[in-house]
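J.: Could you have a look at this structure, given as structure tokens, before my questions?
The values are calculated or read from the model by the stated rules, or taken from the named source; none is laboratory data. What you see is a predicted model; the values in this text were computed from it and never measured. Here Cβ is always computed from backbone atoms with ideal geometry, including for glycine, and neighbour counts include all displayed protein chains. Each accessible area value is taken on the protein alone, full model and side chains, heavy atoms only, with ligands, DNA and RNA left out. Shrake-Rupley method; radii C 1.70, N 1.55, O 1.52, S 1.80 Å.
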Amino acid sequence: PVVTQTSPGNLTQFEYLALNSPLNLSDGHARQELTPTQGRIIDELPSLWAEAVKRPVEEVEREAHRTYFELLGQRSYPATDGRVLSCYSSSVAMEIFARSLATATDAIALVHPTFDNIPDILKGVGLRLVPLEEEVLHGGDLPADLLRSVGCVFVTTPNNPTGRVVSEQRLRALAAQCAEHGVVLTLDTSFRGFDTRAHYDHYAILEESGCRWVVIEDTGKLWPTLELKIGWLVSAANVGLPLAKVYSDILLGISPLVMSMVRRFAEDAAGGGLAELHRFIATNRTILRERLADIPGVTFPDPDSRASVERVHLGERTGLDVWTALREHHVYALPCQQFHWARPEEGAHSLRIALSRSASSVVKAAEALRSVLLAG
Ligand SMILES: N=C(N)NC[C@@H](O)CC(=O)C(=O)O
């Protein structure tokens, strides 16, 4: 992928450029070291393989999603009647959802800003996008004319890169509005594992609202599993979209070895690993903020975020200029223009730093960023 100063590609193309750098703080994937207990799960893979060969895949699959969903407080998810579809990644789940939705509507309200592969996938199936500003989404009921003009409301929660979480009462009100207007409510919860404020039972609220709903869950951002992950596509019984049909166009199923590995990581997380991960991310966030705290013009727009990424506002400097200067130090961050998919200039002065990295990498990157910013 070619990315030039004047014509930045999509965010993932920026992330490709960082993939082979030792100081890649660009993508939101987990790249820190395995903890000792996670390392022992990797040592178990041969026996997990042998066990997966012998057992019915639906058993392995159900254990995997039950352990993961319950770890994150989602006890009321529909575990039994085939409404949980396992995909190779959350983006594959997103593509299946988008193709299904496009058979039923031509317009969708999408949270703004958010990671640009979401609007790109939705535009790719011909949907017209209507930006739903975070302030409007969190501020109260959505305007009725917005809900009359779209077939779906799509919300990333916790949002990327802001970390903003839709509260329980906000979700209840949003689901009621979508039920009233017959609009599908879709949630991308890829960052939910990092923020206990997103661990209330979303599925209990969605099910009791009666609205048509879809949720995309992602195990891929939580643990450093070398891209071995699951995107779960979960839906309401009354969603009225051909999700299972489109799923069957794309795949038959995913590896039971990956399912077993995810179950074991979720068990380890339930046994204390998740709290440890939260402390790890919080420490990295503090390392970054402390090293940049006294630099004129630099601020942190998301003081309340617990996601595994941190946005830095650069004052007069542009994210692209700082990204380019950082690259001279072999450090890679992510310019934020493309998160603002409807008005990119709003992200021109921000940079996103990944926090699911070793503490030493975060220190080195913060020092490099500090020297670039102090150089003017
Ligand atoms: N299918 C795509 N484009 N995957 C990249 C995405 O996972 C990265 C991401 O979400 C983040 O860096 O925050």
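J.: Order Leu226, Leu174, most accessible first, counting only protein heavy atoms with a 1.4 angstrom probe.
T.: Largest accessible area first, the list is Leu226, Leu174.
J.: Using a 1.4 angstrom probe on heavy atoms only, work out the carbon and sulfur share of the accessible area of the chain in %.
T.: Here it works out to 54 percent.
J.: Something else: Tell me the accessible surface of His330 in square angstrom (1.4 angstrom probe, heavy atoms of protein chains only), to the nearest ten.
T.: About 120 Å², rounded to the nearest 10.
J.: Let me ask another. Using just the helices of the chain, give the 222 nm mean residue ellipticity in deg cm²/dmol: DSSP H runs with n ≥ 4 each add -39,500 (n - 2.57), and the total is spread over all residues, rounded to 500.
T.: When only DSSP H runs of four or more count, the value is -13000 deg cm²/dmol.
J.: Additional query: So what is the relative contact order for the chain, in percent, with contacts set as C-alpha pairs under 8 Å and at least six apart?
T.: So the answer I get is 24 percent.
J.: Output needed for segment 295-352: three equivalent-ellipsoid semi-axes, defined as square roots of 5 times the C-alpha gyration tensor eigenvalues, in descending order, whole Å.
T.: Those come to 17, 14, 12 Å.
J.: Ignoring ligands, DNA and RNA, how do Ser76, Ser235 rank by accessible area with a 1.4 Å probe, largest first?
T.: Solvent-accessible surface, decreasing: Ser76, Ser235.
J.: What are the lysines whose alpha-carbon lies under 28 Å from the alpha-carbon of Lys123, with same-chain residues fewer than 8 places away excluded?
T.: Lys221, Lys229, Lys245
J.: Just read off the accessible area of Val53 with the full protein assembly in place, 1.4 Å probe, to the nearest 10 Å².
T.: The accessible area comes out at roughly 110 Å².
J.: Projecting each Cα onto the charge dipole of segment 246-360 (Lys/Arg +1, Asp/Glu -1 at the beta carbon, about the Cα centre), which of Val262, Ala325, Phe300 comes out farthest on the positive side?
T.: Val262
J.: If a/c stays under 1.5 just call it rounded; otherwise compare a/b with b/c (prolate if a/b is bigger, oblate if not). Do that for segment 103-191, with a ≥ b ≥ c from the square roots of the Cα gyration tensor eigenvalues.
T.: In terms of gyration-tensor shape, oblate.
J.: Moving on to the next point. Just to confirm the filter: which GluC sites (Glu not before Pro) across segment 297-338 are DSSP coil and have at most 14 other Cβ within 10 angstrom of their Cβ?
T.: Here the GluC sites (Glu not before Pro) that fit, given the DSSP loop and packing criteria, are Glu316.
J.: Right, here's the next one. For the chain, what D do you get in µm² per second when you plug the Kirkwood radius from alpha-carbon pairs into Stokes-Einstein at 37 °C and 0.692 mPa s?
T.: Stokes-Einstein gives a translational diffusion coefficient of 155 µm²/s.
J.: By average Cβ neighbour count within 10 Å, what is the ranking of 336-349, 36-49 from highest down?
T.: The most tightly packed comes first, giving 336-349, 36-49.
J.: For segment 42-171, state the semi-axes of the equivalent ellipsoid (square roots of 5 times the eigenvalues of the alpha-carbon gyration tensor), sorted largest first and rounded to whole angstrom.
T.: With the √(5λ) rule applied to segment 42-171, the semi-axes are 33, 18, 14 Å.
J.: Obtain the nm distance between the two label points defined at Glu316 and Arg172 by a simple spin-label model: each point lies 7 Å from its Cα along the Cα-to-C-beta direction.
T.: According to this spin-label approximation, the distance is 5.0 nm.
J.: Suppose all protein chains stay in the model; what accessible area per residue would a 1.4 Å probe give for the chain, in Å²?
T.: 39 Å²
J.: Additional query: With only alpha-carbon pairs counted, each pair once and no self-pairs, how large is the Kirkwood hydrodynamic radius of segment 214-304 in angstroms?
T.: With all distinct Cα pairs of segment 214-304 included, I get 16.8 Å.
J.: Determine the percent antiparallel among the DSSP beta bridges restricted to the chain, to the nearest 5.
T.: Restricted to the chain, the bridges split so that about 45 percent are antiparallel.
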